[in-house]
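See structure below.
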């Protein structure tokens, strides 16, 4: 196994950081790595906002659900779907790109571009011995987050990436077995097999939580996910996205 594959397989979220800021050189290396990711048709429909101002970090930590590690991180990156620059391109080239900019397809391109760039950034950070944690909680209150970051129309903050020097690393959470994720040639539709695999995975996750919490927690993966989906979250999202001029067509 090569070092890159080992690095990827060793990933775990880090939420405890030393009180140490990233250097300018580290930030530039991470962003350059992010920019080296694949981008659909060279569209580059994303932007990254680095948050170094401590007051802004603390406000974003609050908006993300009082996640203190956001404020404690060595640097906080916010990945945005960004079709604002394509609106500027329309002005430069003297054409009307409104229908494309507002289409669901281009919104999906922006989401995918941002996710690919973020994963490159994460791998770059982890290769430096840093820890990372994605922060989807920014989407709890996107209007407020947008105001803090002063994002224009056609730009939506999608998620944050807290990066820093780990002061604590938890054990890895076991993932679903490969044969549940990977389908050969067509989607596996044996319902009984599907349920058996989920039940087997439930036992693995329950054992993981028991060990991690000294027996205080033993919930299964399916019960955890069912509970999460029962609690309706961020149901304002479609309206917010469309008000920002995206995913309208």
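Condition check ((1) farther than 20 Å from residue 28 by Cα; (2) in contact with a helix residue (DSSP H, G or I) (Cβ under 8 Å, 6 or more places away or on another chain)) across all residues:
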| position | (1), (2) |
| --- | --- |
| 109 | yes, yes |
| 125 | no, yes |
| 134 | no, yes |
| 144 | yes, yes |
| 160 | no, yes |
| 172 | yes, no |
| 182 | yes, no |
| 193 | yes, no |
| 197 | yes, yes |
(request) Among the residues of the stretch 105-140, write down those that are more than 22 Å from residue 37 (Cβ to Cβ) and surrounded by fewer than 18 Cβ atoms within 10 Å (Cβ to Cβ). (result) 140
(request) For the stretch 27-55, name all the residues that are in a helix (DSSP H, G or I) and more than 25 Å from residue 111 (Cα to Cα). (result) 54, 55
(message) Kindly evaluate residue 47 against the criterion of being assigned by TED's automatic domain parsing to the domain that holds residue 155 and surrounded by fewer than 17 Cβ atoms within 10 Å (Cβ to Cβ).
(response) no
(message) So, in the stretch 199-223, exactly how many residues are surrounded by fewer than 15 Cβ atoms within 10 Å (Cβ to Cβ) and farther than 24 Å from residue 168 by Cα?
(response) 5
(message) So in the stretch 138-181, with the set limited to residues that are free of Cβ contacts under 8 Å to residues at least 24 places away in the same chain and closer than 25 Å to residue 209 by Cβ, which one is nearest to the chain's Cα centre (by Cα)?
(response) 175
(request) Select, from 90, 81, the only residue that is farther than 30 Å from residue 165 by Cβ and either outside any helix (DSSP H, G or I) or in the same structural domain as residue 18 (by TED's automatic domain parsing) (or both). (result) 90
(message) Restricting to the stretch 55-98, and then to whatever is without any contact (Cβ under 8 Å) to a residue 40 or more places away in the chain and in contact with a helix residue (DSSP H, G or I) (Cβ under 7 Å, 6 or more places away or on another chain), can you tell me which residue is nearest to residue 139 (Cα to Cα)?
(response) 61
(request) Examine the stretch 155-174 for a residue that is part of a helix (DSSP H, G or I) and at pLDDT 95 or above, and state whether such a residue exists. (result) no
(message) Looking at the stretch 187-196, can you tell me whether even one residue there is in the same structural domain as residue 80 (by TED's automatic domain parsing), part of a loop (DSSP other than H, G, I, E, B) and out of contact with any strand residue (DSSP E or B) (no Cβ under 9 Å at 6 or more places or on another chain)?
(response) no
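The values are calculated or read from the model by the stated rules, or taken from the named source; none is laboratory data. Computed from a predicted model, the values in this text were never measured in an experiment. No Cβ is skipped: glycine too gets one built from the backbone with ideal geometry, and neighbour counts run over all protein chains shown.
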